[in-house]
Structures are given as structure tokens and as C-alpha cells.
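*Asks:* Here it is, the structure in full.
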Amino acid sequence: MTFAATSTTNTKRVRWYLQHQLNIICTPFFPTSEHLTNILSVCDAVVSGSAALRMVLPANACNWPSSDLDIYVPHHSLTQLYNLLHKHHYNIVRNGKLNIQNYSPSTIFTVTTFGNGRSLIDIIVSKTTSALSPIFQFYSTAVMNFFSADSLHCAYPSLTL
């Protein structure tokens, strides 16, 4: 049984805490967390890496600075995501190689870094129709966490928490 399921008060507290964490994560990159969640929703994308780890770990366990945001997107949503980032004043600062052999045998098609002069966003494009494929090929279960526009996932909670 999860803590949030023990009472309506605890449900509200958990939702508030997760929204608060999301706001903290998004602040360096977007004006509000709603900007990011809209992008994730429209592009079938997810956030993984240190930002997702911040969502699943207790706040006092996250003593590293937020240096970038890792967004995973399926190949078919690549152009749409790039256009949305441009609307938020992000430009390509490092374009990954589009040769699929560079990341073989992984499901990563390319990695492109966007910047706006203050923040960096890494876009990891999946070769497949799922943004999740590359996440489950990592060397460590600690990084197999992600959040989408409306949910949070921790693939291996006993190994991560």
C-alpha cells in the first residue's frame, strides 16, 4: 500500500509534494511546469536522468545541481519537439550524428543538445515508436526512472530508493 493511499489528506500531500518537485525541476528550463508537461504530452515524450531521479528520491537526498534536462522522444515526434523548443527560445548547440550505427546496438537514433544561454536540454531520440526504449538499455537501474506529462515511474524502486 502506498502512503498516498492511506488517506485523502496524504493523497493531497503527496500530490502537492510531487507538483512542488516538478516546479523546482522545471524552473531553470521553462516559465512553469505546465510548459514542460504540455510538450511531453504533445510529443509522447518523457524526462529521465537526474531530473526523474529528483522526483523519486527524497528532497534531502538530492544534493546535486540541476545542470540539464534529458527529454526522450520517439522518432516520429522529433520535428514537433524541436519546433516547440524553438518557440521557447532554445536553439541547437550540439547536433548529434544521425548515423544510427553511432549508438549501435542501442535504440538511440541521435542525441541533440538545445540551449537558451542559461540552460541545456538534451534530446534523446529513440529509433522506435516509444520514447522509453533507450531508458531500459542503461547500465544502471538507478537511471531507469522517468516521468511523463501525467505520471511518474520508478522501474526498480527497491534498487533505486
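The values are calculated or read from the model by the stated rules, or taken from the named source; none is laboratory data. Everything numeric in this text was worked out from a predicted model, so none of it was measured. For neighbour counting, all protein chains shown are included, and Cβ atoms are generated from backbone atoms with ideal geometry for every residue, glycine included.
*Asks:* Output the qualifying pairs, or none if there are none: Cβ atoms under 7 angstrom, residues six or more apart or on different chains, first residue in the stretch 17-35 and free of Cβ contacts under 8 Å to residues at least 60 places away in the same chain, second residue part of a loop (DSSP other than H, G, I, E, B).
*Replies:* Hits for this filter: 25/66; 26/32; 30/88; 35/88.
*Asks:* Can you spot a residue in the stretch 22-37 that is among the aliphatic types (A, V, I, L, M) and not in a helix (DSSP H, G or I)?
*Replies:* No: zero hits.
*Asks:* Would you call residue 102 touching a Gly at 6+ places or on another chain (Cβ under 9 Å), modelled with pLDDT under 95 and surrounded by fewer than 17 Cβ atoms within 10 Å (Cβ to Cβ)?
*Replies:* yes
*Asks:* Evaluate the stretch 35-46: report whether one residue or more is farther than 29 Å from residue 16 by Cα, at pLDDT 85 or above and surrounded by 15 or more Cβ atoms within 10 Å (Cβ to Cβ).
*Replies:* No, the conditions are met nowhere in the stretch 35-46.
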